[in-house]
Amino acid sequence: MNYAFNIAVAVLVLAGGSAVSQAQIPVQVVTPTAEQVVLDADSFVNAGEMAYLAFPALIAGDQDEVLISYKRGRSHANDAGALLEVVRFNTADNRIESREAIGGEPELIFQMGEWARFPSGTLANFVDVQQVVKDRGRSQNHRTGVQFAVSRDNGKTFFKMQLLPAIDGKEYGYVFDCLPVADRLYVLAMTFPEQTERKTKFSEDGKRIFGTVVALVYDEQDDKWSHVRDLNQEFGNININESCLIADGEGFIVATRGYDNKARLHRVDQEFRELQSFDLTASTKEIESHVGRPRLFEKDGRLYLLGRSFRHGKMELALFRINKKTLAAEQGAILDPLSDSTITDGYYAMHYFRNNGDAERFNVVTYRRTNKQKHPDIIRLEFNWSDVR
């Protein structure tokens with residue numbers, strides 16, 4: 001890696017799942033080889049349309065194509081009528097081939113769409129659907145239950161949204177990640193107090209009531225959903241939100257965002273019983289808080305964590321290389337070095353790779369709003385993978 005600056009690396013010793021010292025890791029600021037505004041918020045404003053564009057998620061479609069879902073509304077929250085849209089994006093010539101709304105109702109908020117590819121190849125987009133209600137005198141977004149749309153032609157058309165049924169007696173409001181393994185689909189999802197207990201988000205004394213992140217599994221042959229494990233409880237009775245997973249031998253590695261502003265990694269078995277954990281925030285000086293909307297991926301035998309991070313009190317889009325054995329961060333890369341602006345909203349991100357002659361390109365699709373913008377754009381940042389890895 002060509003470092004913009006180097007920091008001496010302290011050796012991190014893992015004992016019983018906890019770090020005995022805080023490490024400084026080498027971090028580089030990487031300049032993109034290309035930057036593209038995929039969806040320009042100003043063009044929606046000028047057309048008199050909803051212009052808040054955020055929370056992109058992507059999955060591979062047909063050859064040279066990725067599908068990008070995103071929210072199109074009026075604000076980050078409390079915007080009834082927000083739509084869940086999908087664009088088919090050609091990665092060979094970097095253009096949008098089609099755009100359509102696959103979810104939307106006047107009184108509801110459709111956002112945070114999460115893609116899944118079932119073992120059979122069928123695609124689905126699971127959407128966090130909310131409604132604005134008064135909760136102890138304040139306007140709050142309450143979950144009304146995950147809705148999902150299915151495509152059987154690789155994203156060219158979608159069936160009408162349908163409600164995800166209760167699974168072992170519980171309803172879910174937000175799907176974080178989906179992973180097909182053999183004939184099953186493993187899913188991380190969150191249930192909320194207004195769904196499971198019909199309570200508001202705040203107790204009588206005004207304290208926050210947290211939801212629960214769980215592991216679910218769907219058997220496509222039997223068309224059956226099952227609850228696997230409560231991860232809040234399994235991971236030490238911590239309150240967590242955004243999470244993701246990746247296969248690891250016969251089990252998984254899970255990344256979590258804690259309400260205590262901690263980024264953690266957890267190694268689990270097939271039944272999501274914890275085998276090992278690592279607190280990245282407590283152990284790494286360059287990870288000052290949680291990693292927002294974390295995404296794990298593996299490339300050339302190495303493990304990476306992508307997401308919104310904080311360093312020197314500044315919001316950044318970061319990629320961390322993770323030691324697969326210890327789960328410690330080895331190094332980091334800052335992927336959007338805007339030096340003349342303050343980022344006020346953004347950096348939920350996903351990636352794809354493309355080969356360009358002899359160079360492998362790492363592409364990141366995310367959303368970003370600076371202090372100079374009213375609404376965020378959906379953007380694509382491209383890097384030489386050799387500069388990032």
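For His266, are the conditions met, namely being more than 19 Å from Tyr352 (Cβ to Cβ) and in a loop (DSSP other than H, G, I, E, B)? No; evaluated as a whole, the condition is false for this residue. Being assigned to a strand (DSSP E or B), among the aromatic types (Phe, Trp, Tyr), more than 18 Å from Asn261 (Cα to Cα) and at pLDDT 95 or above holds for only one residue in Phe320, Phe297, and it is Phe297. Cβ separations smaller than 7 Å between residues 6+ apart or across chains give the following pairs from the stretch 342-365 residues that are farther than 20 Å from Phe297 by Cβ to residues that are modelled with pLDDT under 95: Thr342/Thr370; Thr342/Asn371; Ile343/Met315; Ile343/Thr370; Thr344/Thr370; Thr344/Asn371; Asp345/His76.
Highlighted here are the strands (runs of 3 or more DSSP E) found entirely within the stretch 343-389 that include at least 2 residues which are within 19 Å of Tyr52 (Cβ to Cβ) and among the basic types (Lys, Arg): 359-370. The set of residues in the stretch 145-162 that are more than 22 Å from Glu65 (Cβ to Cβ) and more than 23 Å from the chain's Cα centre (by Cα) contains only Lys160. Here Thr326 fits the description: surrounded by 14 or more Cβ atoms within 10 Å (Cβ to Cβ), among the β-branched types (Val, Ile, Thr), under 23 Å from Leu245 (Cα atoms) and touching a residue at least 24 places away in the same chain (Cβ under 8 Å).
Residues in the stretch 93-101: is at least one within 19 Å of the chain's Cα centre (by Cα), farther than 26 Å from Tyr218 by Cβ and not small (Gly, Ala, Ser)? Checking the stretch 93-101: not a single residue is within 19 Å of the chain's Cα centre (by Cα), farther than 26 Å from Tyr218 by Cβ and not small (Gly, Ala, Ser).
Can Ile246 be described as closer than 14 Å to Gly307 by Cβ, touching a residue at least 40 places away in the same chain (Cβ under 8 Å), of a type outside the set (Asp, Glu) and not in a strand (DSSP E or B)? Break it down into steps so the answer makes sense when it comes.
On the way: closer than 14 Å to Gly307 by Cβ: yes; touching a residue at least 40 places away in the same chain (Cβ under 8 Å): yes; of a type outside the set (Asp, Glu): yes; not in a strand (DSSP E or B): no.
It is false that Ile246 is closer than 14 Å to Gly307 by Cβ, touching a residue at least 40 places away in the same chain (Cβ under 8 Å), of a type outside the set (Asp, Glu) and not in a strand (DSSP E or B).
Here is a check on your reading of the model: is Ile238 buried (at least 18 other Cβ atoms within 10 Å of the Cβ), in contact (Cβ under 8 Å) with a residue 60 or more places away in the chain and not hydroxyl-bearing (Ser, Thr, Tyr)? Spelling it out, it is not the case that Ile238 is buried (at least 18 other Cβ atoms within 10 Å of the Cβ), in contact (Cβ under 8 Å) with a residue 60 or more places away in the chain and not hydroxyl-bearing (Ser, Thr, Tyr). Remark: pairs (first residue in the stretch 109-125, without any contact (Cβ under 8 Å) to a residue 24 or more places away in the chain; second residue of a type in the set (D, E, K, R) and surrounded by 16 or more Cβ atoms within 10 Å (Cβ to Cβ); Cβ separation under 7 Å; 6+ apart in sequence or on different chains) are absent. Answer with yes or no whether Tyr218 is under 29 Å from Ser277 (Cα atoms) and not in a strand (DSSP E or B). So Tyr218 does not fit the description; no.
Condition check ((1) farther than 30 Å from Leu265 by Cα; (2) at pLDDT below 95; (3) surrounded by fewer than 20 Cβ atoms within 10 Å (Cβ to Cβ)) across all residues:
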| residue | (1), (2), (3) |
| --- | --- |
| Tyr3 | no, yes, yes |
| Val20 | no, yes, yes |
| Ile25 | no, no, no |
| Asn90 | yes, no, yes |
| Arg95 | yes, no, yes |
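Restricting attention to the stretch 52-70, the residues that are crowded, with 20+ Cβ neighbours inside 10 Å and touching an Asp or Glu at 6+ places or on another chain (Cβ under 8 Å) total 6. Within this structure, Arg74 fails the test of being more than 22 Å from Leu245 (Cα to Cα) and within 20 Å of the chain's Cα centre (by Cα).
The values are calculated or read from the model by the stated rules, or taken from the named source; none is laboratory data. A quick note: this is a predicted structure, and the numbers were derived from the prediction, not measured. Cβ atoms come from the backbone with ideal geometry, glycine included; neighbour counts cover every protein chain shown.
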